[in-house]
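Engineer: Sharing a structure, written as structure tokens. Questions coming.
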Amino acid sequence: MALKQKGTDAAAADPKKRRRVGFSGIDAGVEANECMKVFLARNPDEAGSEDCTSIQPFDLNHFFGEDGKIYGYKNLKINVWISAISFHGYADISFEETSDGGKGITDLKPVLQSIFGENLVEKEEFLQTFSKECEYIRDVVTNGNAIKHEGTNESDPAVEIVRVELHGAAAFLYSRLVPLVLLLVEGSTPIDIGEHGWEMLLVVKKTTQESVSKFQLLGFAAVHNFYHYPESTRLRISQILVLPPHQGEGHGLRLLEAINSIALSENIYDVTIEDPSDYLQYVRSSIDCLRLLTFDPIKPALSAMVSSLKETNLSKRTCSLRMVPPADLTETVRQKLKINKKQLLRCWEILVYLSLDSEDCKSMDNFRACIYDRTKGEILGGATGTNGKRLVQMPSSVNEEESFAVFWTQDGGDAEDQTVEQQPEDLKTQEEQLNELVDNQMEEIVGVAKNVVSRGKDKLAELWAR
């Protein structure tokens, strides 16, 4: 880690010059997002240069205390380079001067160590890693098994997915990838590699130079196999990360398809994802909807659901309709496709939407009414009756119009003492907030549906022909 102070102190250089004394205000500090940049270097020439791949962390501020600010530096600049070969890091820190403006002087070293750990080295050692560890990824891949699967993205035969158990060389590789996970995946924490059952799926690109095979890491997934009573195993996806230069190339899709292939071939109970991001859920739902479109057992139930939406009139709210798949179908889907119940419910709504005529106002109104009832039931405890729950608007510095809290009264006791009377304005606010949530969920459904249409036209033609 290099620290460089720019310029010289004129008064110190010439003792005859007297230092001027002034009173400065309290140090306002600088946000880490404004003064810190992270880069991915593919070779020694890119180390120390800003003309290489820039990484955009979701938020650097949260590493620097509650307010996310750095204090005590003038014109602070922090540049960090991460090697795309060995994933070591090097930090270059420069500033004009330091002074305590009332908030102290932030010690940068422990903060950077908390992000990059032992991966952070001095520049000379960092440069040497490009030659000394050029075979690092190959050494890890050698101990793994290539995953063959019927994917939708096989455009580059040089790209493959390798499955490795998370110990030995693979465990060391994961420890070096942790800084990228912390920087790029919001709310992430390192997994416990000492716990039994962890594996990694590596997306690697194989190249041949001078008769020597080299491997470039494009992305990875960390998955955990854990026991499910009485005699099965569940597969949980904990982390998926595609390196910034290779995002948008379909590698996340490859990883999800490979995981589904493993679940089927090894008769895993089902596949779950731990706290997925919105985009990961979007990709996952798109994949599962395409799989379900060719799954014959779902077609009769889907057709019946669509007919009910066409024939029922939910506009007057004199009747209700639960838009859920039959229980036996839910179990069949889990057994045959390894899609868990919660994910199937999400995909079911998307498939129903795809099966409806968007120009049929009655059907679409009924569809939205079903989404409304489900959302209301999830938040307030039921489509009719709220079990004492109330949705109340709360002040927030993030988004005042879309912030709310749910609270409910305890069971038992005098109902008059337990229940808080809702005023007309409270009910109006509650209705508005529920409709905002429903609108957001409708947008998510439509977004996935459009992706499914663009990728599965042949499968949809069969669905619409029924």
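The values are calculated or read from the model by the stated rules, or taken from the named source; none is laboratory data. The structure presented is a predicted model; accordingly, all values stated were derived computationally and were not measured. All Cβ positions, even for glycine, are placed from backbone atoms using ideal geometry, and neighbour counts span all protein chains on display. Heads up: the accessible areas ignore ligands, DNA and RNA and are worked out on the full protein's heavy atoms, side chains in. Shrake-Rupley method; radii C 1.70, N 1.55, O 1.52, S 1.80 Å.
Engineer: Separation between the residue 42 and residue 358 pseudo-spin-labels, each 7 Å from Cα along Cα→Cβ, expressed in nm?
Structural biologist: The modelled label-to-label distance comes out at 3.8 nm.
Engineer: Taking amide H positions as placed 1.01 Å from N in the peptide plane, with prolines and chain starts having none, which residues 5 or more places from residue 31, or on another chain, fall under 5 Å of its amide H?
Structural biologist: 70
Engineer: Then there is this: On a 30 Å Cα-Cα criterion, which of the cross-link pairs 148/457; 132/206; 341/457; 123/148 come out too long?
Structural biologist: From 148/457; 132/206; 341/457; 123/148, over 30 Å: 123/148.
Engineer: Moving on to the next point. So between residue 450 and residue 195, what do we pick up on full extension, going 0.36 nm a residue minus the alpha carbon distance? Write down the numbers at each step before the final one.
Structural biologist: On the way: separation 255, 0.36 × 255 = 91.80 nm, distance 4.01 nm.
Here the segment from residue 450 to residue 195 would lengthen by 87.8 nm.
Engineer: Applying 1/(1 + (r/R0)^6) with R0 = 60 Å to the Cβ-Cβ distance of residue 122 and residue 311, what FRET efficiency is obtained, to the nearest 0.05?
Structural biologist: Between residue 122 and residue 311 the formula returns 0.25.
Engineer: Now for a different question. Cα-based Rg (one decimal) and Dmax (whole number) for the stretch 88-242, in Å?
Structural biologist: Here Rg and the maximum Cα pair distance are 19.3, 65 Å.
Engineer: How large is the accessible surface of residue 376 in square angstrom, using a 1.4 angstrom probe and rounding to the nearest 10?
Structural biologist: Rounded to the nearest 10, that gives 40 Å².
Engineer: Just to compare against my own numbers: the Cα pair-distance distribution for the stretch 328-378, 10 Å bins, whole % per bin, please.
Structural biologist: 23, 43, 30, 5
Engineer: So how strong a dipole does the stretch 288-329 carry about its Cα centre when Lys and Arg Cβ are +1 and Asp and Glu Cβ are -1, to the nearest 20 debye?
Structural biologist: The calculated dipole for the stretch 288-329 is roughly 260 debye.
Engineer: Using a Förster distance of 60 Å, how high is the FRET efficiency between residue 131 and residue 265, based on the Cβ-Cβ distance and rounded to 0.05?
Structural biologist: After rounding to 0.05, the efficiency reads 0.90.
Engineer: Summing Lys, Arg as +1 and Asp, Glu as -1, what charge do residues with Cβ under 12 Å from the Cβ of residue 272 carry, residue 272 excluded?
Structural biologist: +4
Engineer: Now for a separate question. Binning every alpha carbon pair distance of the stretch 37-177 at 5 Å from zero, what are the percents per bin?
Structural biologist: It works out to 2, 8, 15, 17, 16, 15, 11, 7, 4, 3, 2, 1, 0, in whole percents.
Engineer: Further question on the same structure: Give me P(r) over the stretch 269-351, computed from all C-alpha to C-alpha distances, binned every 10 Å, as integer percentages.
Structural biologist: Over the stretch 269-351, the share of Cα pairs per 10 Å bin runs 16, 47, 27, 11, 0 percent.
Engineer: Return the long-range amide H neighbours of residue 273 (sequence gap of 5 or more, or a different chain), with a cut-off of under 5 Å between placed amide H atoms.
Structural biologist: It is 237, by chain and number.
Engineer: Within 10 Å, count the other beta carbons around each residue, average over each peptide in 246-257, 263-274, and list them highest first.
Structural biologist: 246-257, 263-274
Engineer: In nm, what is the difference between 0.36 nm times the number of residues separating residue 63 and residue 205 and their Cα-Cα distance?
Structural biologist: Length gained, residue 63 through residue 205: 47.8 nm.
Engineer: Using 0.36 nm times the number of residues separating residue 296 and residue 331, minus their current alpha carbon distance, what extension gain do you get?
Structural biologist: Using 0.36 nm per residue and subtracting the Cα-Cα distance, I get 11.2 nm.
Engineer: Under a point spin-label approximation (7 Å from Cα along Cα-to-Cβ), what is the residue 365-residue 156 distance to one decimal in nm?
Structural biologist: Rounded to a tenth, the inter-label distance reads 5.0 nm.
Engineer: A follow-up question, please. How far apart, in nm, are the 7 Å Cα→Cβ label points at residue 175 and residue 431?
Structural biologist: For residue 175 paired with residue 431, the spin-label model returns 6.0 nm.
Engineer: Probe of 1.4 angstrom, ligands and nucleic acids ignored: what's the accessible area per residue over the stretch 28-153, in square angstrom?
Structural biologist: Each residue of the stretch 28-153 exposes 50 Å² on average to a 1.4 Å probe.
Engineer: Enumerate by residue number the GluC sites (Glu not before Pro) in the stretch 19-88 meeting two conditions: DSSP loop (anything except H, G, I, E, B), and at most 15 other Cβ atoms within 10 Å of the site's Cβ.
Structural biologist: 50, 66
Engineer: A follow-up question, please. Work out from phi, with θ = phi - 60° and the Karplus expression 6.51 cos²θ - 1.76 cosθ + 1.60, the ³J(HN,Hα) of each residue of the stretch 359-366, listed in order in whole Hz, and give x for Gly and Pro.
Structural biologist: For the stretch 359-366, the Karplus curve yields 8, 7, 4, 4, 4, 5, 5, 5 Hz.
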